[in-house]
Structure formats: structure tokens, C-alpha cells
Amino acid sequence: MSIEQLAETAQAMVAAGKGIIAIDESTTTIAKRFQGVGIENTEENRRAYRELLLTTPKLSDYISGAILFDETLRQSTKDGVPFAKYMADHGIIPGIKVDKGTHALAGCPGEVVTEGLDGLRDRLKEYYKLGARFAKWRAVITIGEDIPSGTCIEANAHALARYAALCQECGLVPMVEPEVLMDGDHNIEVCYEVTEAVLRSLFGALYEQNVLLEGTILKASMVIAGKDCEEQADVDEVAESTVMCLKSTVPAILPGVVFLSGGQTDEQSTAHLNAMNQLGNLPWPLSFSYGRAMQSAALKLWSQDLTGNFAKAQAVVYERAKENGMAALGKWEG
Ligand code: 13P
């Protein structure tokens with residue numbers, strides 16, 4: 001795989017005014033989302049729901065790619081077209097979640113490390129054959145009393161870098177995701193310090209493992225106060241802190257940064273992205289790779305009538321894609 005091909009895919013993922021829809025919930029996670037709106041968690045309901053999202057008319061106006069879960073990459077539309085083929089035919093780059101989730105990190109109470117490196121090379125080769133062109137790995141950093149530890153930050157950065165190098169060897173663009181959780185009562189300054197340390201460690205590890213940054217995308221969490229913090233920062237402060245933190249840690253050669261929504265409301269996630277892009281003078285495109293903030297409203301509507309609301313829910317997906325696509329240009333009007 002040439003670096004030119006990886007760079008081309010990475011640039012297409014963050015094309016102007018476009019972002020990613022994350023629909024890579026594991027079977028356990030989608031069970032929780034379905035349970036929240038009273039949908040039974042069957043394979044057919046999962047397939048039908050992913051079909052609703054991926055076949056949204058004109059989705060590629062604002063969406064460059066979608067991250068799938070293993071099961072979804074092997075499924076097809078009701079007319080029998082494999083999702084990966086449908087996506088490629090409609091200008092959406094297929095992506096795949098390749099980590100195997102978080103596990104308690106030995107010796108570090110309250111902290112986790114993401115697993116999934118064993119056998120990863122073979123899985124990546126298969127995913128490439130199935131049509132995937134980028135792959136996501138999510139590391140989770142928790143803020144709490146005396147955590148995160150340096151051990152946890154480094155263990156997760158090392159795993160992210162090992163996975164990223166394997167992805168590039170197999171022709172997939174790594175979308176490296178070190179998520180600093182919004183859980184807790186920490187203020188925005190604490191989130192800034194932790195995010196800065198995490199990104200420093202990550203880019204050091206990527207360098208050590210010979211990962212080519214031109215063919216890598218960062219999926220970042222925003223610098224924001226914890227959910228239970230009494231002093232919530234306003235939109236401009238979140239935007240300015242996030243951009244300053246990224247500018248001080250993320251090399252300019254990276255093709256782009258996309259954000260996760262992480263529990264922010266739909267409106268917050270769009271407003272924050274818009275405010276960052278309005279600051280201007282950024283070394284990389286800043287866009288979105290939202291899961292909940294792209295899907296929640298559509299899922300709720302669909303749950304009320306799985307057949308009757310199919311097209312209406314797609315219109316909601318399109319609307320959320322449009323709002324976030326405009327925010328990626330700093331042109332969202334609220
Ligand atoms: P949220 O936007 O719901 O945080 O999900 C994005 C994602 O892919 C987390 O790994």
C-alpha cells in the first residue's frame with residue numbers, strides 16, 4: 001500500500017464540509033440504545049436500522065464515510081447489496097471498528113486499556129477485502145481522583161500506535177481515538193491538562209512505531225468540563241481551549257481531526273464544532289465523527305413506527321448531517 005493511497009483516503013475523509021457518521025456500536029452497545037427507545041435487539045432490527053442510516057438519500061452531500069461494526073460490514077441491504085458496496089457506490093467510504101473494547105488495566109485501579117492487537121493483522125486483511133478503507137480504535141481515559149496515571153496514558157498510546165502501524169501495512173487509514181471521558185466533576189482546565197498529556201503521548205508513540213501521519217486521522221474528544229462540574233464553560237471557551245490544545249500537540253501534517261460527541265447534546269456538539277471553525281487559521285480541517293449526536297433524534301423517531309417512519313427518520317439523519325457539515329465549515333446558523 002502506498003502512502004499516496006492512504007493520504008488520498010485520509011483527505012477524502014475530511015473533505016471540506018463533510019464528516020463521518022459513527023455507527024459502529026457493538027451488539028451490547030446497540031442493545032442499550034435500542035432498549036432506550038423500546039426496539040428489540042435482533043439481528044434483523046440491527047440490519048434494518050443500519051440500512052436506514054446508510055441509505056439516507058444524498059447522505060454523501062455531508063458525509064464522507066461511516067464506521068461500521070464487524071457484523072454490519074458483513075450485512076446487506078434488503079435488496080441484497082452488501083453495505084460496503086452500497087456505500088462505495090454512493091460516495092461513502094466504508095470504515096470499521098477494530099478494537100475489542102476496554103478491559104481493567106492491571107495495577108491501575110479504576111483505569112482501562114483497550115485490547116484487540118492479537119490477530120489484528122489477519123482481521124485487517126479480511127476487512128480490506130470486505131471493502132473497508134479506514135479503521136477505528138478507541139482508547140478510553142478516565143478523569144478522577146489521582147487518575148489518569150502516566151501508566152494508563154502510555155499503555156493506551158502504545159496500543160493505538162501498534163494498531164495504527166498495522167492498519168497502514170494493510171492499506172487502511174487508522175482513525176486513532178483517545179477519548180477523554182466527560183464523566184466526572186472536573187473543570188475544563190483539568191480536561192485541558194489531561195487531553196494535552198494524552199495527545200503528547202499518542203503522537204510520541206505514533207512516531208516510535210513509524211506511523212505515517214499523512215495517512216492517519218485523529219478522532220479527538222473536545223476540551224470540556226465534566227458532566228457533573230458546576231461551572232460549565234461556554235461554547236467559545238470550549239472551542240478556544242480545544243483548538244489551543246490541539247495546536248500545541250497535533251502536527252500540522254496530519255490530514256484532519258474529527259471529534260466524537262461523547263455525551264454532548266446534538267446542539268452542543270454542532271455549536272462547538274462550528275465555533276472552532278469560526279476561529280479560522282487552523283492547520284488541519286476540523287470535522288465530526290459523531291455517533292449519538294448524529295443518530296439519537298432519528299432513532300427515536302424510527303422507534304415509533306419502524307415501517308411508517310423509515311423515510312422520516314432518514315430526513316432527520318440528513319438534517320443532522322447537514323448541520324454538522326455546515327459546522328465543519330463554520331457556517332452553521334443555529
Ligand atoms: P459518540 O459521538 O456517541 O461519542 O460516538 C462516537 C464514537 O465513535 C465513540 O467511539
Check your understanding: Under the classification rounded if a/c is under 1.5, otherwise prolate if a/b is larger than b/c and oblate if not, where does the chain fall, given a ≥ b ≥ c as square roots of the Cα gyration tensor eigenvalues?
Key -> rounded
Exercise for review: Send over a whole-number figure in Å² for the accessible area per residue of segment 259-322, probe 1.4 Å.
Suggested key: 39
Point to revise | Residue-count net charge about Gln5 - beta-carbon cut-off 14 Å; Lys, Arg +1, Asp, Glu -1 | key: -3
Point to revise | Options Gly110, Trp332, Ala233, ranked by Cα towards positive dipole end of the chain, top entry (Cβ charges) | key: Trp332
Practice item. Quickly estimate the mean residue ellipticity at 222 nm for the chain, helices only: each DSSP H run with n ≥ 4 gives -39500 (n - 2.57), and the total goes over all residues, rounded to 500. Key: -14500 deg cm²/dmol
Point to revise | Solvent-accessible area of Lys125 with every protein chain in place, 1.4 Å probe, in Å² to the nearest 10 | key: 100
Practice item. Could you tell me what percent of the accessible area of the chain is made up of carbon and sulfur, with a 1.4 Å probe and every protein chain present? Key: 49
Point to revise | Å² per residue, accessible surface of segment 176-257 at 1.4 Å | key: 42
Study note, to complete from the structure: In the chain, whole DSSP H helices that both stretch 24 Å or further along their axis by alpha carbon positions and average at least -0.5 on the Kyte-Doolittle scale are 150-169, 188-208, 310-327
Practice item. Place a +1 charge on the Cβ of each Lys and Arg in the chain and a -1 charge on the Cβ of each Asp and Glu, then give the dipole magnitude about the Cα centre in debye, rounded to the nearest 20. Key: 1400
Check your understanding: Tell me, what is the FRET efficiency for Lys312 and Asn45 to the nearest 0.05, using R0 = 22 angstrom and their Cβ-Cβ distance as r?
Key -> 0.80
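Could you work out the longest stretch of the chain that avoids the GluC sites (Glu not before Pro) located in DSSP loops with at most 16 other Cβ atoms within 10 Å?
232-332
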Revision key, fill the gap. When the charge dipole of segment 3-95 is computed with +1 at the Cβ of Lys and Arg and -1 at the Cβ of Asp and Glu, the Cα pointing farthest to the positive end, of Val14, Ser64, Val37, is that of Val37
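Leaving out ligands and nucleic acids, note down the accessible area per residue over segment 42-118 with a 1.4 angstrom probe, in whole Å².
Accessible area per residue: 42 Å².
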Point to revise | Two-site FRET efficiency, Glu169 against Asp89, from Cβ-Cβ distance with R₀ of 30 Å, rounded to 0.05 | key: 0.65
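The values are calculated or read from the model by the stated rules, or taken from the named source; none is laboratory data. All values derive from a computational prediction rather than experimental measurement. No Cβ is skipped: glycine too gets one built from the backbone with ideal geometry, and neighbour counts run over all protein chains shown. Side chains are part of the model used for accessible areas, which takes the heavy atoms of the whole protein and leaves out ligands, DNA and RNA. Shrake-Rupley method; radii C 1.70, N 1.55, O 1.52, S 1.80 Å.
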